[in-house]
Every structure is written in C-alpha cells, then in structure tokens.
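In what follows, a single structure is set out as structure tokens and then discussed.
The numbers here are math on the coordinates, done by the rules we state, and not lab data. Every value quoted in this text rests on a predicted model; they were computed, and no experiment measured them. Here the Cβ positions follow ideal geometry from the backbone for every residue, glycine too, while neighbour counts run over all protein chains shown.
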C-alpha cells in the first residue's frame, strides 16, 4: 500500500474543499449572530437577558459535548462519517426555527445546531491538520478558522441586512435551509477520509508529549476566549439596541468582529509557525480584554463599539488557530482527535459559561457590568498562559516526518 503524502501542496484539492466547507459550517452559526437575540425580545416577548441568552447556553453545551465525543467517534467511524453526522444534526434546524411557536423551540433548535457544529467543525479542523503535517500546522489552522469565521461574518451581515426587508426569522430559516443542503451534499459526496495521513505521520513521528500544564493552560484560555464570544453573540446586540442602534448598525458590529477574526487568522496562524504559540496566545487574550474595556467605556455608541469589535476580532485571531495548533503540537498524531476534541470541549464550555455569567450579571447589574466582568476574566486568562512554562520556543516539531511522507 502506498503511503499517504503529507503537505498542503500534495493535498491542495481536498484541503481547499475543506476550507470552503468550513465557511458553510461557520455560516450556519453566523445566521443567528445579528437577529436571533432580537427575536427573543421582539417576536417572543422575552424580557430577561438571561432567558434570551439561553439559546447561546444551549448551543454552547451541545457543541462542547459533541466536541468531546469527536475523538472516540472519529476513531470508531472515521473522520468523514463524523463530518456527515454533523450535517445530519443541523439539517432540522431551519424548520424548527421557522415554525417555532415559542422561544423554547428556538433554544431546542440550538441544541441540534451546537451538536452539528461541534462534530462538523471539529472534523474539518482535524482533517486539515492531518493533511498539512506539522510544518504548516499553524497556517493550515489559520486558513480553516479564517474560512469558518468569514462565513460567520458574511452570514451575520447578510442576515442583518435582509432583516430590513423580510421578517428576521424568515431570513434565518431560509438561509439555514440552503446552507444545510450544500453541507450535506459536499460532505457526503466529495470529502475523503484522512486516516491514512494520520498513520503516515505517526510512523515517522519523533515528537514527545508536552507537559500537562500546557494543555491545561490552552484549555482555560479557550474557555475564556469563548466567554467573550458568548457576550458578543448574545448580549452585545441587545446592549447596542438599548442605546439606540438600528438593526443595520447592530449587524455591522456583529459582522465586524468575526470578519476581522476571520481575515487575520491566515496571518496569525502562519506567524505562530515561526514565532511560537505562547507569545501570540498571551497577546491575543490581552487585546481582547482591552477591546471589552473600550466597549464598556463607549456606553453603546456605534463608532466606539465598531472599533471595539475590530479589536476583539484581532485579539481572537491571535488566539484561535494558535491554541488548536498548540494542542496538536502537544500530543502524538494518533491522539490528536482526542486532544483537539477535549480542548474544544473546554473552549466551547466557555459559550455556556459566558451565557450564564453575562446573562446573570446583566440582569443583576446591567449589560455594561457584564462586559467589564468578562473583560477582567479574559485578562486573567492571558496572565495564566504567560506564567505557564512552554517546552519549545517554536511550536513546530521540525524533522518529525521522514522525507518519503512529506511534500510541501
């Protein structure tokens, strides 16, 4: 049997297909970023910020649990089948949102959306790492996360604009139906499994596991990152609307954050291959904390909020692909799906924790206080990573793969 060849050049067709597919995965979540928090208030009469944020909580818990299951499922079923299963989970979401008689069914739809996102996004991440090999791991993850969050941004912006001339709920369910059909067709018909690439990398790997403290530091940083993502998703649109922002302005802010995050990740992923993972993670967490401080100081003004969204996106871009690359660096290739799934479990638990922290704090002391609290937690997370010893200054295990398995 001929060994699989690792590298972006050797696998560019499948890699490009997975990049495009992850944009569709991201767009499924992005459809909700602009208008669903407003639906809770305007369509369903929900007056508690905590109750509105239940849809983020449901999404986060389901996605986190699905992430944790991806490692065992990928080992048992194969990566491609888990990817298809993710899209099967998301397929009913459009009908549930479109027909929902109450907010509870929107929350239930987000359980399926979160589960599908966990399975599908985890597999596009792991499969790209499998194809790329260790020398371009950061770049591969930057491209993956960039495509996903550009999909989030585009869907958030288009949904916000569409809500100006059709019913907001219609914009969500029609878009979701189209995306689910594309995702199922591409995953089921065009994507190939990457198990042979994992086996090739494992045979040549000389890599030793990192200390457990590195994995713990990465997991808590991922959790803190998604604390502020939950805030941006579920509370910021309501916060801006309460200060007089139009639906279009809310959509612009909601889109700016993932757009900057998406575009910048290509560069930050590449940079982490050369400068090392830890400096980018620390810088990114502190930039996010500064962005939240600016958002709170701006008191809901559109211009200041837009600048804060850009900075929040930049900070997240420094962190997001770099953390997954650091986790992938820290374990043997055959343990990668388990380690990435466990990291993504803790990271996406941050969505649920953020929904609880932001919702309860906002109900008790106001949305601005919630922004300040989440900003302080984000800064503390960055300092945790700063204090954690890292074995290698560079995250790339050069020379880990024999030449017969490698093609740049």
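For residue 380 and residue 363, the difference between the fully extended length at 0.36 nm per residue and the C-alpha to C-alpha distance is 3.8 nm.
Taking the chain, how much of its Cα-Cα pair set, in percent, is spaced more than 42 angstrom apart? When every Cα pair of the chain is considered, 9 percent fall beyond 42 Å. From least to most packed, judged by other beta carbons within 10 angstrom and beginning with the fewest, 278, 63, 299, 128 follow the order 299, 278, 128, 63.
Pick from 307, 374, 172: which residue has the top mean-square fluctuation in a GNM of the chain where Cα pairs under 10 Å get a spring? Result: 307 has the largest fluctuation of those listed. Note on residue 213 and residue 105: their simple-model spin labels are 5.3 nm apart, each label 7 Å out from Cα toward Cβ. Ranking of 229, 193, 47, 273 by neighbouring Cβ atoms within 10 Å, starting from the fewest: 47, 193, 273, 229. Counting neighbouring Cβ atoms within 10 Å and putting the fewest first, the residues 277, 347, 81 line up as 81, 347, 277. Comparing 92, 237, 134 in a Gaussian network model of the chain, where Cα atoms under 10 Å apart are tied by springs, the biggest mean-square fluctuation is seen for 92. The angle between the Cα long axis of helix 103-132 and the longest principal axis of the Cα atoms of the chain comes to about 20 degrees, rounded to the nearest 10.
Once C-alpha pairs closer than 8 Å and six or more residues apart are averaged by separation and normalised to the residue number of the chain, the relative contact order reads 29 percent. Model label sites at residue 75 and residue 304, defined 7 Å from Cα along the beta-carbon direction, differ in position by 5.1 nm.
Computed over segment 26-89, the P(r) tail beyond 14 angstrom holds 67 percent of alpha carbon pairs. The C-alpha atoms of the chain define a longest principal axis, and helix 277-297 lies at about 0 degrees to it. Compared with the direct C-alpha span, the chain from residue 182 to residue 202 gains 3.9 nm at full extension, assuming 0.36 nm per residue. Rounded to the nearest whole angstrom, the semi-axes of the ellipsoid equivalent to segment 1-111, taken from the Cα gyration tensor as √(5λ), stand at 35, 15, 12, largest first. Principal-axis analysis of the Cα atoms of the chain puts helix 336-365 at an angle of about 20° to the longest axis.
Note on residue 166 and residue 335: their simple-model spin labels are 4.9 nm apart, each label 7 Å out from Cα toward Cβ. Starting from the Cα of residue 246, move 7 Å in the Cα-to-Cβ direction to define the label point; list residues of segment 153-185 whose amide nitrogen is under 13 Å from there. The answer is 161-165.
Considering only 318, 57, 377, the Gaussian network model of the chain with Cα springs below 10 Å gives its largest mean-square fluctuation to 377. From the alpha carbon centroid of segment 308-336 to that of segment 87-152 is 16 Å.
Between residue 51 and residue 263, the contour length at 0.36 nm per residue exceeds the Cα-Cα span by 73.1 nm.
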